[in-house]
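Just below is one structure, and these are the notes that go with it.
The values are calculated or read from the model by the stated rules, or taken from the named source; none is laboratory data. Keep in mind the model is a prediction, meaning the values are calculated, not measured. When we count neighbours, we look across all protein chains shown, and the Cβ atoms used for this are built from the backbone with ideal geometry, even at glycine.
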Amino acid sequence: MAAERRSRREFLKRATTAAAAGGLADLLPAGYGEARESDGGGARTPADVAGKHSMRAHAAAHGMLVGCAVIPEKLTGEQEYANLVAEQASILVPENALKWAALRPAPDRYDFRGADIILVFAQAHGQKVRGHNLCWHEALPAWFASTVTRENAAQFLTEHIQTVAGRYAGKLQAWDVVNEAIDPKSGLPDGLRKSPWLEMIGPDYIELAFRTARKADATALLTYNDYSIELDSPDQTEKREAVLALVKRMKANGAPIDAVGVQSHLDASAELPGAGLQKFVRELAAMGLQVFVTEMDVNDRKLQGNAEERDLAVAGVYRNYLTMMLAEPNVNVALTWGITDRYTWLKGAKYGRAHGEPERPLPFDADYLPTPAFFAERTAIDSRRKTA
Ligand code: XIL
C-alpha cells in the first residue's frame, strides 16, 4: 500500500535524523533512512538483514549463538514469522511450551506437541534449542495446588524432570533447570524465594532438580536462570550476590551446574548494567561456568519522546549491554524474549505503555521490519573477535 510505504519511508528518515541529533548515528546502518524501491520502498525483507547480513550469520562469524524465544503456533501458522526465525536465529527457546502449565494438562498426562514443533523446526533449520524450564514457582497447572503436597512434592518434581528432560535427552543445548529461585524480598535465609517448591520440599529442591536433570540428560548445559541481577542498584546487587552464593554452595556440594542465565529484561529509562554484573560474570568464569543472556528485551514504557527517539534509546541499551556481555569469553549465547514486537509479552496493561501505545522492545517490529535494536545487537556481535 502506497500510504503505508510512504509512512515507513518517513519513519526511517525521521529515525536517521533523530539518531544524528542524538549522537547515535553509528547505531544505524548506512542507508537506513533511504527509500529502497527494490524492496518495495518499504523494506519488507530488507536485503541488508538477510543471508550473510543476518544476526545468525554475524553470530556464527564471531563464534556465538544468537536467537529468541518462540511460539510454536506461530512457527506453523504464520509464514512470515517462521521465515524470520529461520533466517535470524541459530538458537531457539520455547517461550511457554516447556513450562509445567503447557506440558501437564492433568497430573498423569503430558502434552509435548508444542515443544516438539519447535524441536522439528530447529532441526530443519540447523538451529539449537534451549529448554525452559523444569522448575519454577509460576506457570504451574491449575491442578497443582490441590494435588501436590509436602509428602509427594519431591516425587512430582523428580518424575517431571525424568520425563521431560529424558524425552529430549541429547537434543538440547541447555536446560534452565531452576528458574527465579532467589528473591531477597521474601526475607528467607540465603535470599531464597518463598515458592511452593521451597515450602513443600525445603531448600534442597534446587539441588534435587539439578541432580535429576543431569541423570536424565547428560549433555544439556544445566543452567540456573534469574532476572533483576543486571544493575548496580542496591536491590539488584543483593540479589546477584545471593545467586552467586547459591552457585557456590552448589559447586561445593558437587551439584551439577554448568551455567547461569541472566534474563536481561532491561528498562530503557534505568541506568545501564555495569561493573557489578561484569564482576559476577568473571567470578562465574573462574568457577568454570558459562553465562547466557537468556531473555533480553528493553522496555521503553517510562521513556518520554517520540517513537524514533525511544527506538534509539532502546537500541543504545542493546548495543552497550551486549557489547559489555559479549566481551566476556564465557558469554557465547544471547537470546531475546521474542523476535517481533508483534508478540512481545510486554504488551498490555501490566508491563506495556499507558494508553495502549505499542511497545518496541525487540529487534523486529510488529511489521517484521528491523528496528534500530536489530542493528545495535548486530554491531555488538561484531565487536567480538572474529573466529574464522
Ligand atoms: C513469560 C511469557 O513471555 C508470557 O507469555 C507468559 O504469559 C508468562 O511468562 N521470566 C521468564 C519467562 O523466565 O518464562 C517469562 O515468560 C518472562 C519472565
Only one of Pro196, Pro141 that is surrounded by fewer than 18 Cβ atoms within 10 Å (Cβ to Cβ), out of contact with any Leu (no Cβ under 8 Å at 6 or more places or on another chain) and over 19 Å from Val260 (Cβ atoms): Pro141
Name the one entry in Glu377, Glu328 that is modelled with pLDDT of 95 or more, part of a helix (DSSP H, G or I) and of a type in the set (Asp, Glu). Glu377
(1) away from the ligand (no atom under 12 Å from the Cβ); (2) closer than 23 Å to Val293 by Cα; (3) of a type in the set (Gly, Ala, Ser): which one isn't true of Ala139, the others all being true? (1)
Considering only residues that are within 16 Å of the ligand (Cβ to nearest atom) and crowded, with 23+ Cβ neighbours inside 10 Å, look in segment 292-330 and name the one that is farthest from the chain's Cα centre (by Cα). Val298
Quick check on segment 331-349: of everything there that is part of a loop (DSSP other than H, G, I, E, B) and either surrounded by 18 or more Cβ atoms within 10 Å (Cβ to Cβ) or at pLDDT 75 or above (or both), which residue is nearest to the ligand (Cβ to nearest atom)? Trp345
Do the conditions hold for Ile257, that is, is it under 22 Å from Met64 (Cα atoms) and either touching a helix residue (DSSP H, G or I) at 6+ places or on another chain (Cβ under 6 Å) or surrounded by 17 or more Cβ atoms within 10 Å (Cβ to Cβ) (or both)? yes
So which pairs qualify, if the first residue must be in segment 89-116 and among the basic types (Lys, Arg), the second must be assigned to a helix (DSSP H, G or I) and surrounded by 14 or more Cβ atoms within 10 Å (Cβ to Cβ), the Cβ gap must be under 9 Å, and the two must be at least 6 apart or on different chains? Arg104/Phe144; Arg104/His160; Arg113/Pro72
Can you run down the residue pairs with Cβ atoms below 6 Å, 6 or more apart or on separate chains, where the first is in segment 246-258 and closer than 21 Å to Gln173 by Cα and the partner is surrounded by fewer than 14 Cβ atoms within 10 Å (Cβ to Cβ) and among the small types (Gly, Ala, Ser)? none
If you scan segment 60-90, which residues turn out to be more than 16 Å from the ligand (Cβ to nearest atom) and within 17 Å of Glu295 (Cα to Cα)? Met64, Leu65, Val66, Gln88, Ala89, Ser90
Look at segment 165-183 and say how many of its residues are away from the ligand (no atom under 16 Å from the Cβ) and either within 14 Å of Tyr224 (Cβ to Cβ) or surrounded by fewer than 19 Cβ atoms within 10 Å (Cβ to Cβ) (or both). 5
